[in-house]
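*Asks:* One structure, pasted below without further comment.
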């Protein structure tokens, strides 16, 4: 198929589901979508998901499943513990700190021990989960929304890292590697600045 | 409005409204988009920042790989560190002089085709990045969305490096090399002008 036609079809298919979002296909399912899309509505979450996806795609040639399983388990744990810990932990600060660290690792050493990637993946899932619980409500509604968050976080990291890996395998060229390093430095820089803004805001400097 | 009058006033009202709309920009931009626009325009509106950031890309392209990507990677990182110091209120003496000096030195590096070891180039660029970042950090508009401000700010910086790299790639040909080195001279001269203003 002509690449241009393929691209147009992809765009049409991407645009079409927006029409279907006018209403939920099944009553009560709306909360699931809200939860699943929640990571995409918070810029700092998007930044962290982008960073960890790039890092996993870049550094992992094997053992990706172990990292993704850790993301899933840590996200599930975080979603459960969030109801107790969310008000005590400065999770937004940790998220920015982790974003800066992961951004730095994208441009840093070319190989990282497998266990460090597992730990980083788990920390990402856990911290994102802490900020993804819905407002109090009926148990079933909360459960559906929380399930959506679990699926959303996991799928975004899974597909993101796979897309980066696929890109590197298909176009293993210098410019792509360089582009990824530049994006990594931008992510680290944005994370660092945001961290400063947050600290300044919380300490009343700004 | 009579029909006769509306024939003339209706077509005129649209351009009039368009002309009046810039007045609405008088207030501080707020929200996500406002923060992005503020951050994106902040480095661009400062010619002293622009010339230095273009010079980083220009010098990187002039030095070739790996400096072509390493310098534009180092600069935003260290600049963000300087920005963080500025946001947190940590004082840094001689910021404006440092910014002017960055244009002078980086411009001279290109003009004189200086090829130091990679780590020297990275340290030099990084040291100047702190001054640029600090200036931006202390001048953050009050109502800006911090995250989108940071995104716009870093993107604009990166695009200016890219502009410098694109121009610096002309150095492959003899005429292009002359053009690139001349651009370095112009940047250095602009830096001297900024230094005179800062002193």
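*Asks:* Looking at B:188, B:144, which is the one that is over 16 Å from the mean Cα position of the chain (by Cα) and either crowded, with 17+ Cβ neighbours inside 10 Å or at pLDDT 85 or above (or both)? Steps first, answer last, please.
*Replies:* Values: B:188 fails: over 16 Å from the mean Cα position of the chain (by Cα).
One residue alone meets the criteria, B:144.
*Asks:* For segment B:158-171, what are the residues that are more than 8 Å from chain A (Cβ to nearest Cβ) and touching a helix residue (DSSP H, G or I) at 6+ places or on another chain (Cβ under 7 Å)?
*Replies:* Of segment B:158-171, the ones more than 8 Å from chain A (Cβ to nearest Cβ) are B:159-171.
Result: B:160, B:161, B:162, B:163, B:164, B:165, B:167, B:168, B:169, B:170, B:171.
*Asks:* Within segment A:52-107, can you find the residues that are part of a loop (DSSP other than H, G, I, E, B) and farther than 11 Å from residue A:129 by Cβ?
*Replies:* A:60, A:61, A:62, A:63, A:87, A:88, A:89, A:90
*Asks:* Same structure, new question: Counting only residues that are under 15 Å from the mean Cα position of the chain (by Cα) and within 13 Å of chain B (Cβ to nearest Cβ), give me the helices (runs of 4 or more DSSP H) lying completely in segment A:113-206 with at least 1 of them.
*Replies:* By residue number, A:174-203.
*Asks:* Report yes if some residue within segment B:127-139 is within 14 Å of another protein chain (Cβ to nearest Cβ), surrounded by fewer than 18 Cβ atoms within 10 Å (Cβ to Cβ) and outside any helix (DSSP H, G or I); otherwise report no.
*Replies:* The answer is yes; a qualifying residue exists.
*Asks:* Which of the following residues is within 14 Å of chain A (Cβ to nearest Cβ), surrounded by fewer than 21 Cβ atoms within 10 Å (Cβ to Cβ) and either part of a helix (DSSP H, G or I) or without any contact (Cβ under 8 Å) to a residue 40 or more places away in the chain (or both): B:122, B:84, B:175, B:150?
*Replies:* B:122
*Asks:* Here is a further query. Given the conditions (1) modelled with pLDDT under 85; (2) within 14 Å of chain B (Cβ to nearest Cβ); (3) not in a loop (DSSP other than H, G, I, E, B), report the number of the one that residue A:110 does not fulfil.
*Replies:* So residue A:110 meets the others, but not (3).
The values are calculated or read from the model by the stated rules, or taken from the named source; none is laboratory data. Since we're looking at a predicted model, the values are computed, not measured. Note that each Cβ is placed from the backbone with ideal geometry, even for glycine, and that neighbours are counted across all protein chains shown.
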